[in-house]
Structure formats: structure tokens, C-alpha cells
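The values are calculated or read from the model by the stated rules, or taken from the named source; none is laboratory data. Here the structure is a predicted model, which is why all the values come from computation and not from measurement. Note that we place each Cβ from the backbone using ideal geometry, even for glycine, and neighbour counts take in every protein chain shown. Just the protein is used for accessible areas: all its heavy atoms, side chains included, with ligands, DNA and RNA removed. Shrake-Rupley method; radii C 1.70, N 1.55, O 1.52, S 1.80 Å.
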Amino acid sequence: MIEFKNTIIIKRPLKEVFAFISDFENMSKWNQSVVDVYKLTNGPVGVGATYHRTRKIDQQQFRVVDFEPDQVVAIETLPPGRKLNIRFQFKPMDIGTQMIDEWQLEIDTPQPFRMIAAKKIRSADSENLEKLKILLESGKVTLQDGREID
């Protein structure tokens with residue numbers, strides 16, 4: 001299992017940042033590895049809401065496991081995919097919103113290479129968060145793979 005945390009400050013109101021992140025269908029707009037996300041369950045976003053995510057390398061399903069409006073939203077992948085938990089925490093700041101992104105990921109990489117894999121995954125997550133920041137602050141962004149989002 002690898003665990004890490006990234007923190008970013010986005011110069012937008014907390015409610016706006018939380019609403020954008022907790023609408024997981026927006027994930028392809030800021031995460032370069034995600035092609036599409038759609039909701040599988042009816043009703044509002046909340047604990048138990050389930051999604052299908054298509055990434056460039058695979059497909060997986062995940063569900064919301066924690067939801068406190070304007071504070072926390074957390075997801076976990078569903079089998080048969082490898083176990084991944086992501087928790088987004090939101091804190092208001094004078095200049096906008098602080099978002100803390102915490103990951104717990106099971107990987108089958110041999111121990112000598114686990115730290116290298118963890119560093120690469122954390123770095124990719126950090127790059128995605130920078131793209132999220134640009135998108136929410138400016139209204140448009142070019143992702144690492146060349147997709148232009150506005």
C-alpha cells in the first residue's frame with residue numbers, strides 16, 4: 001500500500017470548488033488519465049453514489065464513501081480493480097480554498113520499486129491538481145495530453 005497527500009490552494013470560493021470536485025463527471029476535465037466518467041446510480045451525489053470511469057489504460061467503477069457538503073468527499077474503487085481510496089478535504093481561506101487530496105493505493109510493485117512508483121503517482125496527481133487549479137481560476141486549461149478544456 002502506498003499513501004500520500006497533496007495540497008493545493010485554488011483562488012475560488014469553497015462552495016464552487018467543492019461542487020466541481022464532487023461532480024465526478026468533471027474528472028476528465030482536469031485529470032489527464034481520465035477519458036470519461038458517468039454516474040451509475042440515480043439521485044444526488046452522496047455516500048453510495050456509484051460511477052464508471054474510463055481511463056486511458058483501463059476502466060473501473062468507484063463509489064462515494066464519505067460526503068460532507070463543502071468539507072469532504074471520498075471515493076473508493078470497486079472490485080475487480082486494485083484498491084484505491086481518494087479523500088478530498090476542503091478548507092476556506094481568505095484567498096480561496098485549500099484542497100487536500102489524500103491517496104491510499106494498493107500496488108503489486110515489488111518493494112524495491114514501490115517508492116519509485118509512489119513518487120511517479122504522487123507527481124502525476126500533483127500535475128493534475130495544477131491543471132484543476134488553472135481550470136477553476138481561468139476557465140480553461142490544456143491538459144498534459146493536449147486536450148483543451150473550457
Assuming GLY43 fulfils every condition listed in (1) within 19 Å of LYS133 (Cα to Cα); (2) open to solvent by less than 60 Å² (accessible area, probe 1.4 Å) apart from one, which condition is it?
(1)
Of everything in the range 76-97 that's of a type outside the set (A, V, I, L, M, F, W, C) and closer than 18 Å to ALA49 by Cβ, which residue is farthest from the chain's Cα centre (by Cα)?
PRO79
What tally of residues in the range 1-51 results from selecting those that are farther than 19 Å from LYS140 by Cα and assigned to a loop (DSSP other than H, G, I, E, B)?
11
Filter result for THR54 (under 26 Å from GLY146 (Cβ atoms), over 12 Å from the mean Cα position of the chain (by Cα), at pLDDT below 95 and hydroxyl-bearing (Ser, Thr, Tyr))
yes
Does the range 82-99 contain at least one residue that is at pLDDT below 95 and either touching a Phe, Trp or Tyr at 6+ places or on another chain (Cβ under 7 Å) or open to solvent by less than 30 Å² (accessible area, probe 1.4 Å) (or both)?
yes
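Residues are listed down the side, and each one gets a yes or a no for (1) closer than 16 Å to SER33 by Cα; (2) aliphatic (A, V, I, L, M); (3) open to solvent by 90 Å² or more (accessible area, probe 1.4 Å):
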| position | (1), (2), (3) |
| --- | --- |
| PHE113 | no, no, yes |
| LYS120 | yes, no, yes |
| ALA124 | yes, yes, no |
| GLN144 | yes, no, no |
| GLU148 | yes, no, yes |
Only one of THR97, THR54, THR109 is in a loop (DSSP other than H, G, I, E, B) and of a type in the set (Ser, Thr, Tyr), namely THR109
